[in-house]
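Here is the structure we will look at.
Every number here is computed from the coordinates shown, using simple stated rules; none is lab data. For clarity, every value in this text was computed on a predicted model and none was experimentally measured. Here the Cβ positions follow ideal geometry from the backbone for every residue, glycine too, while neighbour counts run over all protein chains shown.
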Amino acid sequence: MDTPYNGTERRKYHHVRAIFDDAYQLISPFFAKENRWGNATLDHLAYRVLRENYPELSFEEVHVLVVAAKRVFTELQTERP
């Protein structure tokens, strides 16, 4: 069966995928409602923590991690009763 992408791997950031679980554990508390400052999330701190813990990552890779982690966090929160 032929795929629409002819078998070409479209995903990037394989290193990011490898560290996602550990990075998620570090930054997920910044997305919690109880940890907001003036009703604003603390996403900017998530960027800082990732830059400190993974200095080898580019800004783009850090951004991908934060966006993906926030999406996972949000999905997990909506699944809870």
Residues with beta-carbon under 13 Å from that of Val62, excluding Val62: net charge, scoring Lys, Arg +1 and Asp, Glu -1?
-2
Treat each spin label as a single point 7 Å out from the Cα along the C-beta direction, and report the Leu45 to Asp22 distance in nm.
2.2
Enumerate by residue number the GluC sites (Glu not before Pro) in region 15-81 meeting two conditions: DSSP loop (anything except H, G, I, E, B), and at most 12 other Cβ atoms within 10 Å of the site's Cβ.
Glu56
Lys and Arg at +1, Asp and Glu at -1: neighbours of Leu42 with Cβ under 13 Å from its Cβ sum to +2
